[in-house]
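The values are calculated or read from the model by the stated rules, or taken from the named source; none is laboratory data. Keep in mind that this is a model prediction, so the values were computed, not measured. For neighbour counting, all protein chains shown are included, and Cβ atoms are generated from backbone atoms with ideal geometry for every residue, glycine included. Accessible surface is based on the protein model in full, side chains and every heavy atom, while ligands, DNA and RNA are left aside. Shrake-Rupley method; radii C 1.70, N 1.55, O 1.52, S 1.80 Å.
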Amino acid sequence: MSSRTSTAASATSHTLRFPQFDREIVAEPEETIYQCARRAGLRIVGACGGRGNCGTCTIQLIEGRVQHANGRILAPLQRREGRAASARWIRACQVSARTDCTIEVEPRSLAPIVRADVDMGGITEILPLDPMVVSIDITLAEATLADPLSDDDRITRALHVPVTSLDAAAARQLPAVLRDGNWSLRAHLRNGELIGFAPTGGRTLGLAIDLGTTNVAGFLVDLQSGVPLASLGIENPQVAWGADVISRLNHAIRDAAAAAQLRTAAITAIGSLAHDLCRAVGATTKDVVDVTVCGNTAMHHLLLDLPVRQLARAPFVAAMRQATDIKAREFGLTFCAGAYLHVAPNIGGFVGGDHVSALLATESRWGAVNTSIVMDIGTNTEISLIHRGEITTASCPSGPALEGGHISCGMRAAEGAIEHVFIKNGRIAIAVIGNKKPVGLCGSGVLDVVAALREARLVGDGGRLASNHPDVVEIDGRRVAVLAPGVYFTQHDVRSVQLAKSAIRTGIELLMCDAHLTDEDIERVIIAGAFGTYIDLKSGVAIGLLPNLPLERFEQVGNAAGVGVRQMVASKQARARARELAASAHYVELSTRHEFQKNFMRNIGLNTQKTRRAT
């Protein structure tokens, strides 16, 4: 194709057909296929958010022509008369359509998610029901010429509790609700503010949201009984802009429109969860009178439309740390007329309200011993060392490798994902979620494969893959371990795990050294989060990720952040305690300390080392 023809084609919109989604979408000029799919809501795995760094967004070009970022025109490999064109694997973020195209995505982008961070690991609420919003059913005397008192004054008189204000949106609905109910209604009162009205005998619901980097979990609670009604998890739609928070922050920094995309994605997730949860219990979102949200500092800032430029660069300073309450309608969310959205407080740096919620939920566990560690391993790993009641907290830039991001065959915990890897009769063996055909490797399997390779001496302490084994082969000049047909673990993947493992181990080590403690002083290690629920502790210890301690000292508690944020929607006391924990925790920025790099390099190997007592 001539450059003139190519230029003309690049200025034209084209139709992209995705048979697996049964969708056709229009690709705008100069828009990559990845960007087009993201705009249309079609999920294509892309850990780096389409910047061309990870190579996970591969697709097959079945029909049509595309232009690569380097200028080359690509088409299906063969076009023979009477025969279908051969498929061609390309990276969606590197190509733009030059004709109408038919595109096939990899199976790991299609696999239905089965683990969405709603498991609570056996933790139950420990605080009594003490909600911010109190609902009271009242019957009023009908207005007459002799008693023409306004509707709001009439309600205030009947409530016999202090009323300081009336939400404007609630006031607009009051006359109709009152008269349709024959002068009876349910009043929702929050700290003296009338925030909404409903027919008597209705539902009074609280919604708790754990806004995670990878998944968003929602919990519906009956605020009149404290009974949990339903829970649901979905993938955070922000993953379309990257698997890690730095990728998303860098996107948001570009301009206001980019930041708005991420904010809208988070709000859409909350609204979708609210809708589906309420429908599951025969309620509507109008029955939701209070909402609590927790998330790391990046999720917190993007949701609240706070500036993030200063958060994305050292020394990683948050614009706001305190808990905040904002009317839900300011987010475009349709709940009770004057309902508030309460966002949990942050601690510092990237240690946000999700970690505060986890500390709140697990306090009975870490508070029962002198020295404990609470950690949530993920894209950004938060670690708290609690020693004699003093909380020291840090975050480690571990990246998405341990959750399957930036891993060549990485995928979410969905059907077809390899979740465990072990050695059987000297060969690599696997366990797959749903007992389906393996299509990729999820987070729990990432640790396993490195531990298994090390056990079989297919990778040394330094991380180099061996070459004298039938499960280690050369493909396209790369040495890879074959986990299943078409699913490979590369030398680069091993290095990614080493970097993540070293960052986390170094974070634990520096917190321990600052407190003049060693591994033997740790009485309890509490591992929170969906990833922590499914990892094999032996594998974590074997590669040096976790302290070399007896396994009985470890507790895997599931989504503790979800439990904590659920406690906050049910209890004012829980919100107050969350504020106290956030304020009392001492945040330490480890990445800028000179010892970090030295210890990081010492921990890069896949051997287990004890933390030495500081002198």
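Structure summary
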{"read-out": "With all protein chains modelled, accessible area of T214 [1.4 Å, Å²]", "value": "50"}
{"read-out": "Surface accessible to a 1.4 Å probe, E595 within the full protein complex, Å²", "value": "50"}
{"read-out": "Taking the chain and dividing mean pair separation by its residue count, relative contact order in percent (alpha carbons under 8 Å, at least six apart)", "value": "14"}
{"read-out": "Distant alpha-carbon pairs in segment 297-342 (separation over 18 angstrom), percent", "value": "37"}
{"read-out": "Furthest towards positive pole of dipole, V26, H492, V293, structure part the chain, Cβ charges", "value": "H492"}
{"read-out": "Signed unit charges on C-beta, dipole axis of segment 523-615, positive-most listed residue L581, G529, G540", "value": "L581"}
{"read-out": "Sequence of L249, L499, L110 when ordered by accessible area, the most exposed leading, probe 1.4 angstrom", "value": "L499, L110, L249"}
{"read-out": "Global geometry of segment 435-502, whether rounded, prolate or oblate, following the gyration tensor of its Cα atoms and the 1.5 cut on a/c", "value": "oblate"}
{"read-out": "Proximal lysine pairs, the chain, alpha carbons under 19 Å, eight or more residues apart or interchain", "value": "8"}
{"read-out": "Cα centre as origin, Lys/Arg/Asp/Glu Cβ charges: the chain dipole, Debye", "value": "2000"}
{"read-out": "Two-site label geometry, R313 and A368: point separation in nm, points 7 Å out along Cα→Cβ", "value": "4.8"}
{"read-out": "The chain - Rg and Dmax from Cα coordinates, angstrom", "value": "26.8, 98"}
{"read-out": "Apportionment of accessible area to carbon and sulfur, the chain, percent (1.4 Å)", "value": "50"}
{"read-out": "Pairs of alpha carbons in segment 284-376 whose separation is greater than 15 Å (percent)", "value": "64"}
{"read-out": "Cα extents of segment 494-543 along the three principal axes, largest first (Å)", "value": "31, 23, 19"}
{"read-out": "Dipole magnitude of segment 312-437 about its Cα centre (Cβ charges: Lys, Arg +1; Asp, Glu -1), debye to nearest 20", "value": "380"}
{"read-out": "Net charge of Cβ neighbours under 11 Å - reference H387; Lys, Arg +1; Asp, Glu -1", "value": "-3"}
{"read-out": "Estimated 222 nm signal from helices in the chain, with DSSP H stretches of n ≥ 4 weighted -39500 (n - 2.57), rounded to 500", "value": "-8500 deg cm²/dmol"}
{"read-out": "Dipole of the chain [Lys/Arg +1, Asp/Glu -1 at C-beta], most positive-end residue of F596, V450, N346", "value": "V450"}
{"read-out": "Calculated SAXS-style log₁₀ I(q)/I(0) at q = 0.22, 0.23, 0.27 Å⁻¹ - segment 201-263, Debye, Cα scatterers", "value": "-0.83, -0.87, -1.05"}
{"read-out": "Rounded to the nearest 20 debye, dipole of segment 412-486 from Cβ charges on Lys, Arg, Asp, Glu", "value": "60"}
{"read-out": "With DNA, RNA and ligands ignored, accessible area of K538 (1.4 Å probe; Å², nearest 10)", "value": "140"}
